[in-house]
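Participant: Please see the structure below; I have some questions.
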Amino acid sequence: MRRAGSSVCSRRTHGVFALVAWLILVLATPRRALADGAVQADVDRLSKAVAQAKGVEKHAAMRALFNLWDHADPRQIEQALEAAASDGSAPAASRVFATILVAEARSRRGDSAGAAKRFADLGFVDRWLFVGPFDDQNRDGFASPFQPEAELAEPVVPGRSFDGKLRPVRWRNTEGSHAAVFDFGDWIRPREEICGYAVSVLETKEGHKAPRTVSLWVGAEGAFKMWFNGKPVLEDAAYRGFDFDRFATSVQLMPGKNRLTVKVCSDRTAPKIAVRVANAQGAPDLGVVFSHDPSSTEGNVYNKPDPKAPAKPVQATGSAVGPIQAFEKAVAGAKPSARDMEAYARYLAFSGGNPRGAHTARDLADKAAKADPSWERALLAADLAENRNGMRAWVEEAEKLVGAKDTRGKVALLLAKARLARSSVNWRDATPFYEEVLTIQPDNVFALLGRAELYLQAGLSRTALSVLERAVEAQPYSVSLLRVYAAQLRGLGRAAEADEIDGRWFAFRSDDTELIVRQVDRAVAANDAKKAERWMARLERVEPDESIAKLMVARAYRSLGQPRKSRQALETALETAPEDQTILRTLADLSGEDGDREGQLKYLRKILQLYPQAKDVRAYVEYLSPPKPRQDEAYAWNKERIVQADVPAKKGERTRILRRLAVTTVYPNGLASRFYQIVFQPLTDEAAAEARQYLTSYEGNRQEIELRLSRVYRKDGTVAEAIESGEGAANDPSIAMYTSVRTFGITFPRLNPGDIVELRYRVDDIAVKNDVADAFYDVEYLQDRDPIGESEYILIAPKTRELKTQVANLGGVVSEVKEEGDHKIHRFFAKDVPGLPREPLQPQAPELLGQVHVSTFKSWEDLGKWYWGLARDQLDVDEGVRKKVAELTKDKKTELEKVKAIYHYAIGLRYVALEFGLEGIKPRRCALSMARGWGDCKDKATVIVTMLRELGIPATLVLVRTGMRGDLPKDAPPSLGLFDHAIAYVPSLDLYLDGTAEGTGTTELPAMDRGSVALQINEGKAKLVRLPDPKPEASPHARKIELAVANDGSATFSIESSVQGVHAPSWRARYQSEGTRRERATQDLSAFFGNVEIGKEAGSLSIKYANDVESPIVLTAKGKAPSYARKEGDTLSMAVASSVQLLSSAGSLSTRKTDLLLGARSSATEERVLKLPAGAKIERLPEDAKVEGPFGSVVVTVKQEAGRVVVTSTLAVTKSRITPTEYAAFRAFCQKVDAALDQRLVIRL
């Protein structure tokens, strides 16, 4: 835990940004710096700015000055802050903030006692009761009222448990710690993506009046809510970095006990909170005492909340306001001033206050630079730009604004250009910019550092050292220069000189743990225990993370041969953070070294209790413990049972699976381990050859596979082992698909018919955390292509977890549930499971196979809410996106026109899928996909949704289970794993848009999407839907054909073929390249006329609208068909319509066991004009035909005119799926269709 006097910002590097025109220094790190002169001039200017600034600008100016600490003379900075702290004319809140920075300065200079004294006199709440962690994955926890939130007025009961993120949690207190900042990460695990609650009881000291108005000043890492005496008084939903006193509100401090409650949620870092109690003006109110004794919560509680009252937005209840509130008010008007926007942008940027997942500072800087251009604002916008292109644009804008005689502006511009150059491939291009700066300002720290780093990158270490030597002479108190100089000396073997330089800069950065640890290590190496202990004590004072400090101390004591002190340090750390895995592992190691087997097992088992996915720990516990089979592997058949299953095979079987076992153990955090036993027997030579290799897959980024056993039991009683195993990436470069899935293969020795193969393997989750909160979902198949003797699925889960299960597509499954200890065991068993029938045009196997679905998601809306939390920040809009949207929709009037413009842009992005880890389900931001020019399905859907929302057109992400997976079983439990695609939906137009469907029009939904099950996310109000399956007339293929038949059976032809709808994309792709059009047209037209010869003259072949996805693609051609008509004696027989051979292509089987998939519904209309040879007589004229039914219709009309016959045919298939019970009637329909379309015209010459 952090001591009261240690620096809370020692690990955070702030950028230095000016607030107004005279604050022009921008500094994020030495590598990202915009400086306008020698550092001393900057200190003088910022010191003056602190004195002159008004209101919240004073806070920002002080932070800007403090952020120069590593580059200027720290003594002068501290002196300026001391002056600000004692400035009686400044607001009280500003003086307090200055005192906070002075305290941090004291800590940096090694005066921990002085820092602690200053913090103690500022009125920070330093005693807390706390409980957590609660889940905040996807930042959903902030809006979720966990149980402590419903008990704001109830006494804190220490033993009372709540459902935490991974396990039950209970109230604890910060006994032994009295820090100004309460860091949840010191006490609870996990530290990331969590929420925590903290309570402190405030009482008025004797001699101070109550009731009275006090102000509460809050700084938090993450988002926070605050209640005072049960009443909500302040909140900030933005996830920010930590800084003191960001927000404030006024409350009434009542006589007796007053209860202060805070909820803090953070994502990628541990939540922190600092609450300061002040008077109405912001000066410390030291007439308050704080208590974290649970019994103190049993007294008066004012304004007890009404649990039935509707929730209301929380507003600050009093007159006190912090910097964020003041800035928000300043920029809230219709036309905020450029000065206010610039000031706010700088404050957010250098104080770490920009909301994560947003770009408030960048937007404010851009707007300020556009509203009232200046080089300072342009360079601020450049520094905050998201990418190099944006930065370059603003640097170029700044160059136009820098005056010829403006030295400061010129230096700042040159340093910006240098930074831009260093981020390019050719970093050497930065050299001339640094040289020019040093010509103007020879002592410029940032140019000196930059030039030295370039020399180092070029391998010129001694040249870099000479540059640094001169720089240190000019700037002897610059910590950044001294650090780099010392490192370079040490790198060149001049250790003694490096130590002397380290001592110089360490005097001003005594909070630098890296140097302290180095000193500890050196003392340990010299076996100097006293010196090591002095440095260890210093480490414990300044290291913000107590767990890390204690681990380092324990390591040092172990190396010094003092295991008792090592254990004492670790046990102290464990009291604070009892669930820290690293501490537990280290204690286990220490116990092992001491020969304490029981103690070692105690700590290892504690790790497994907390982190059951720790596979290495589990393996070591098994090694240390008496041997016994794992719980899940105990369900496997032994050799004797396998041999008993070898009964005579049924006739016609190629392979049979004797045993299929899957045992899944679900942990409380939703991760799992899986054990499989597969026993199969090839029965033919062909099957034996195919079975020599067995393939499975796993997620390489979060799982580990282990082959436990691989044997072949031969007919002669001998046993052979697998001879080889290996794995490889399961990528598909042909469609630019790259994932973390890996294929694992096992190769057996030669197999003979009748041999029995047994496989046992494990797939264990080894990820540190569950990407899907604590959810678990899975689909396990009980059926296969081959028959299975016994198929069994065992699911072992904590009995506290509510699981939804469903058995689909398989009758006779025996299911049972029983409890054993803390677990609930679900068993699904099936015997004599038939193999899956193999039939043409059948649904995909995942739809047909017998399967068990499992999920912890309670509903589809619950799943959608979780996914919305994951994706919502990815719908972020920045200035680049706005500009692109405006460009794409310029001159577009209607909503449909705008939607088409956005859709066309999305499908134009290249399809590339990099689906590693969480990126397999989490979309990338629109701005990133734009910059890269590529994305996968969810990225493209996000581009569409983001841009449409920017236009004010509601749109939502949609998860899709495409036809490649097959249909979803009815009433299947909610699961993210059921989907394999993502698209967008526009409710106002009832329009689904697939961004991956290149060459597809806005209304031409791809065939794989049509009729599929999908989940509309709808901002968390998810809805399970079935995608449209448009009627046949929405996908027409229209042909107009004229044929002039000659006596020899040849014919000249002309054709116009128009395709729209579901089949149009494939036609557009086929005829995209002009170089292959003639060859492909010749192939395609042969389906209508037999062999064809397309004319050579101009206009004989034309393709229209191949690049216009909103128009039908039109092919026109002229040529000759040498054998169009079949000569039969003195007669000619010729086709009068395009034959589809529906019976042979779709109805080839006499009966079916599975559904028949016909594909997307479409229609075809053809007008065929047959010009007959002179003098020919019609021997047999086709008849009109009309067939209508539930499967579709066909209409053929025949007209005989002078010298020609005109035949019009129309075919529409209205069903895309035929069930086995419908199949016989469908075959009859096919026969009638074929009879109608296969009629021939016979003429006599």
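Participant: Based on this model, can you work out whether Pro578 counts as out of contact with any Leu (no Cβ under 6 Å at 6 or more places or on another chain) and surrounded by 21 or more Cβ atoms within 10 Å (Cβ to Cβ)? Break it down into steps so the answer makes sense when it comes.
Facilitator: Details: out of contact with any Leu (no Cβ under 6 Å at 6 or more places or on another chain): yes; surrounded by 21 or more Cβ atoms within 10 Å (Cβ to Cβ): no.
Against the criterion (out of contact with any Leu (no Cβ under 6 Å at 6 or more places or on another chain) and surrounded by 21 or more Cβ atoms within 10 Å (Cβ to Cβ)), Pro578 does not qualify.
Participant: With closer than 20 Å to Gly1159 by Cα, in contact with a Ser or Thr (Cβ under 9 Å, 6 or more places away or on another chain) and outside the structural domain of Gly963 (by TED's automatic domain parsing) as the only criterion, which of Ser1035, Ser1102 stands out? Before the answer, list the steps.
Facilitator: Details: Ser1102 fails: closer than 20 Å to Gly1159 by Cα.
Exactly one of Ser1035, Ser1102 is closer than 20 Å to Gly1159 by Cα, in contact with a Ser or Thr (Cβ under 9 Å, 6 or more places away or on another chain) and outside the structural domain of Gly963 (by TED's automatic domain parsing), namely Ser1035.
Participant: Mind counting the residues in the range 1086-1110 that are under 19 Å from Pro1036 (Cβ atoms) and either without any contact (Cβ under 8 Å) to a residue 40 or more places away in the chain or crowded, with 20+ Cβ neighbours inside 10 Å (or both)?
Facilitator: Total satisfying the criteria: 7.
Participant: List, please: which pairs have Cβ atoms under 7 Å, are six or more places apart or on different chains, and start with a residue in the range 548-577 that is touching a residue at least 40 places away in the same chain (Cβ under 8 Å) and end with one that is assigned to a helix (DSSP H, G or I) and surrounded by 16 or more Cβ atoms within 10 Å (Cβ to Cβ)?
Facilitator: Thr576/Asp186; Thr576/Glu546; Ala577/Asp186; Ala577/Ser547; Ala577/Ile583
Participant: Next question. Restricting to the range 1202-1241, and then to whatever is part of a strand (DSSP E or B) and of a type in the set (Gly, Ala, Ser), can you tell me which residue is surrounded by the fewest Cβ atoms within 10 Å (Cβ to Cβ)? Reasoning before the result, please.
Facilitator: Restricting attention to the range 1202-1241, the residues satisfying the condition of being part of a strand (DSSP E or B) are 1204-1213, 1217-1218, 1240-1241.
Applying the additional criterion that residues be of a type in the set (Gly, Ala, Ser) yields 1209, 1212.
Numbers: Ser1209: 23, Ala1212: 20.
Top of the filtered list is Ala1212.
Participant: Can you give me the ranges of the strands (runs of 3 or more DSSP E) entirely in the range 146-234 with at least 1 residues that are touching a residue at least 40 places away in the same chain (Cβ under 8 Å) and over 34 Å from the mean Cα position of the chain (by Cα)? Don't jump to the end; show me each part of the working.
Facilitator: On the way: elements: 161-163, 168-170, 194-204, 212-228.
In the range 146-234, 194-204, 212-228 are the strands (runs of 3 or more DSSP E) which contain 1 or more residues that are touching a residue at least 40 places away in the same chain (Cβ under 8 Å) and over 34 Å from the mean Cα position of the chain (by Cα).
Participant: Conditions: (1) part of a strand (DSSP E or B); (2) in contact (Cβ under 8 Å) with a residue 24 or more places away in the chain; (3) farther than 30 Å from Gly966 by Cα; (4) touching a Leu at 6+ places or on another chain (Cβ under 9 Å). Gly1175 meets all but one. Number of the miss?
Facilitator: Gly1175 satisfies all of (1) part of a strand (DSSP E or B); (2) in contact (Cβ under 8 Å) with a residue 24 or more places away in the chain; (3) farther than 30 Å from Gly966 by Cα; (4) touching a Leu at 6+ places or on another chain (Cβ under 9 Å) except (1).
Participant: While we're on this one: Being surrounded by 18 or more Cβ atoms within 10 Å (Cβ to Cβ), among the hydrophobic types (A, V, I, L, M, F, W, C) and part of a loop (DSSP other than H, G, I, E, B) is the filter here, so list the residues in the range 1121-1169 that pass it.
Facilitator: Within the range 1121-1169, Ala1125, Val1136, Ala1137, Val1140, Leu1158, Ala1160 qualify.
Participant: Shifting gears a bit: Just to confirm my filter: which strands (runs of 3 or more DSSP E) fall fully inside the range 795-884 and include at least 1 residues that are over 30 Å from Asn1018 (Cβ atoms) and small (Gly, Ala, Ser)?
Facilitator: Working: elements: 804-808, 814-820, 823-833, 851-855.
The strands (runs of 3 or more DSSP E) meeting that bar are 814-820, 823-833.
Participant: Are there helices (runs of 4 or more DSSP H) fully within the range 397-486 with at least 2 residues that are more than 28 Å from Ala385 (Cβ to Cβ) and in contact (Cβ under 8 Å) with a residue 12 or more places away in the chain? List them. Please lay out each step first, then the result.
Facilitator: Values: elements: 407-422, 431-440, 445-457, 461-474.
Counting at least 2 such residues, we get 461-474.
Participant: Among the candidates Ala1212, Ala1160, Ala1174, Ala1235, single out the residue that is closer than 24 Å to Ala1007 by Cβ and out of contact with any strand residue (DSSP E or B) (no Cβ under 7 Å at 6 or more places or on another chain).
Facilitator: Values: Ala1212 fails: out of contact with any strand residue (DSSP E or B) (no Cβ under 7 Å at 6 or more places or on another chain); Ala1174 fails: closer than 24 Å to Ala1007 by Cβ; Ala1235 fails: closer than 24 Å to Ala1007 by Cβ.
Step by step, each of Ala1212, Ala1160, Ala1174, Ala1235 is checked, and only Ala1160 is closer than 24 Å to Ala1007 by Cβ and out of contact with any strand residue (DSSP E or B) (no Cβ under 7 Å at 6 or more places or on another chain).
Participant: Within the range 1197-1214, is there a residue that is among the basic types (Lys, Arg) and under 49 Å from the mean Cα position of the chain (by Cα)?
Facilitator: Step one: of the range 1197-1214, the residues among the basic types (Lys, Arg) are 1199, 1204.
Among the residues that remain, those that are also under 49 Å from the mean Cα position of the chain (by Cα) are: none.
Looking through the range 1197-1214, none of the residues is among the basic types (Lys, Arg) and under 49 Å from the mean Cα position of the chain (by Cα).
Participant: Give just the number: which of (1) farther than 29 Å from Gln475 by Cα; (2) of a type outside the set (Val, Ile, Thr); (3) touching a residue at least 24 places away in the same chain (Cβ under 8 Å) does Ser89 not satisfy?
Facilitator: The number of the failed condition is (3).
Participant: While we're looking at this one, here's another question. At pLDDT below 90 and either among the aromatic types (Phe, Trp, Tyr) or closer than 30 Å to Pro749 by Cβ (or both): which single residue out of Val679, Val621, Val647, Val663 fits that description?
Facilitator: Details: Val679 fails: at pLDDT below 90; Val621 fails: either among the aromatic types (Phe, Trp, Tyr) or closer than 30 Å to Pro749 by Cβ (or both); Val663 fails: at pLDDT below 90.
None of the others qualify; the one that does is Val647.
Participant: How about the range 910-935: which of its residues are within 19 Å of Ala729 (Cβ to Cβ) and either modelled with pLDDT of 95 or more or assigned to a strand (DSSP E or B) (or both)?
Facilitator: Passing the criteria: Tyr911, Ala913, Leu914, Glu915.
Participant: Still on this structure: Considering only helices (runs of 4 or more DSSP H) fully contained in the range 555-667, which possess at least 2 residues that are over 39 Å from the mean Cα position of the chain (by Cα) and not basic (Lys, Arg)?
Facilitator: Numbers: elements: 563-576, 581-593, 597-610, 615-624, 639-644.
In the range 555-667, 563-576, 581-593, 597-610, 639-644 are the helices (runs of 4 or more DSSP H) which contain 2 or more residues that are over 39 Å from the mean Cα position of the chain (by Cα) and not basic (Lys, Arg).
Participant: Right, another one. Output the number of residues of the range 703-720 satisfying the condition of being surrounded by fewer than 16 Cβ atoms within 10 Å (Cβ to Cβ) and of a type in the set (A, V, I, L, M, F, W, C).
Facilitator: Initial filter on the range 703-720 (surrounded by fewer than 16 Cβ atoms within 10 Å (Cβ to Cβ)): 706-709, 714-719.
Right, trim to of a type in the set (A, V, I, L, M, F, W, C) and you get 707, 709, 719.
Looking only at that region, the number is 3.
Participant: Also: For the range 365-386, which residues satisfy the criterion of being farther than 13 Å from Arg339 by Cβ, of a type in the set (Gly, Ala, Ser) and in contact (Cβ under 8 Å) with a residue 24 or more places away in the chain?
Facilitator: Ala382
Participant: Condition check: crowded, with 16+ Cβ neighbours inside 10 Å and among the acidic types (Asp, Glu). Does Glu203 satisfy that?
Facilitator: Details: crowded, with 16+ Cβ neighbours inside 10 Å: yes; among the acidic types (Asp, Glu): yes.
Answer is yes for this residue.
Participant: Quick check, is Arg276 at pLDDT 95 or above, in a strand (DSSP E or B), over 26 Å from Glu154 (Cβ atoms) and in contact with a Phe, Trp or Tyr (Cβ under 8 Å, 6 or more places away or on another chain)? Full working, then the answer.
Facilitator: Values: at pLDDT 95 or above: yes; in a strand (DSSP E or B): yes; over 26 Å from Glu154 (Cβ atoms): yes; in contact with a Phe, Trp or Tyr (Cβ under 8 Å, 6 or more places away or on another chain): yes.
The answer is yes for Arg276.
Participant: Residue by residue through the range 855-880, note down the ones that are crowded, with 19+ Cβ neighbours inside 10 Å, aliphatic (A, V, I, L, M) and closer than 30 Å to Ala369 by Cα.
Facilitator: The one that is crowded, with 19+ Cβ neighbours inside 10 Å, aliphatic (A, V, I, L, M) and closer than 30 Å to Ala369 by Cα: Leu875.
Participant: Hey, Gln581 hits all of (1) modelled with pLDDT under 90; (2) under 22 Å from Leu166 (Cα atoms) but one; which does it fall short on?
Facilitator: The number of the failed condition is (1).
Participant: Contact list please: Cβ distance under 9 Å, first residue in the range 707-733 and farther than 14 Å from Leu751 by Cβ, second residue exposed (fewer than 11 other Cβ atoms within 10 Å of the Cβ) and modelled with pLDDT under 90, pairs at least six apart or on different chains.
Facilitator: Correct list of pairs: Leu709/Glu721.
Participant: Of all residues in the range 51-64, which are over 18 Å from Ala115 (Cβ atoms) and touching a helix residue (DSSP H, G or I) at 6+ places or on another chain (Cβ under 9 Å)? Full working, then the answer.
Facilitator: First, the residues of the range 51-64 that are over 18 Å from Ala115 (Cβ atoms): 51-61, 64.
Across the range 51-64, the qualifying residues are Ala51, Gln52, Ala53, Gly55, Val56, Glu57, Lys58, His59, Ala60, Ala61, Ala64.
Participant: Looking at the range 994-1026 only, could you name the residues that are among the hydrophobic types (A, V, I, L, M, F, W, C), over 22 Å from His1063 (Cα atoms) and assigned to a loop (DSSP other than H, G, I, E, B)?
Facilitator: Answer for the range 994-1026, where residues must be among the hydrophobic types (A, V, I, L, M, F, W, C), over 22 Å from His1063 (Cα atoms) and assigned to a loop (DSSP other than H, G, I, E, B): Ile1017, Ala1022.
Participant: Considering only residues that are more than 15 Å from Arg1244 (Cα to Cα) and of a type in the set (Val, Ile, Thr), look in the range 1161-1194 and name the one that is farthest from the chain's Cα centre (by Cα).
Facilitator: At the first step, the residues of the range 1161-1194 found to be more than 15 Å from Arg1244 (Cα to Cα) are 1161-1169, 1183-1194.
From what is left, the residues that are of a type in the set (Val, Ile, Thr) are 1165, 1169, 1187, 1194.
Values: Thr1165: 48, Val1169: 59, Val1187: 53, Val1194: 50 Å.
Within the range 1161-1194, the match that is farthest from the chain's Cα centre (by Cα) is Val1169.
Participant: If I ask for residues that are part of a loop (DSSP other than H, G, I, E, B) and either crowded, with 19+ Cβ neighbours inside 10 Å or of a type in the set (A, V, I, L, M) (or both), which ones from the range 353-384 would you list?
Facilitator: Scanning the range 353-384 gives Gly353, Asn354, Ala358, His359.
Participant: Just one of Leu957, Leu976 is under 30 Å from Gly850 (Cβ atoms) and out of contact with any Cys (no Cβ under 9 Å at 6 or more places or on another chain); which is it? Steps first, answer last, please.
Facilitator: Details: Leu957 fails: under 30 Å from Gly850 (Cβ atoms).
The unique qualifying residue is Leu976.
The values are calculated or read from the model by the stated rules, or taken from the named source; none is laboratory data. Values in this document were obtained by computation on a predicted structure and should not be read as measured data. Glycine also receives a Cβ, built like all others from the backbone with ideal geometry; neighbour counts cover every protein chain displayed.
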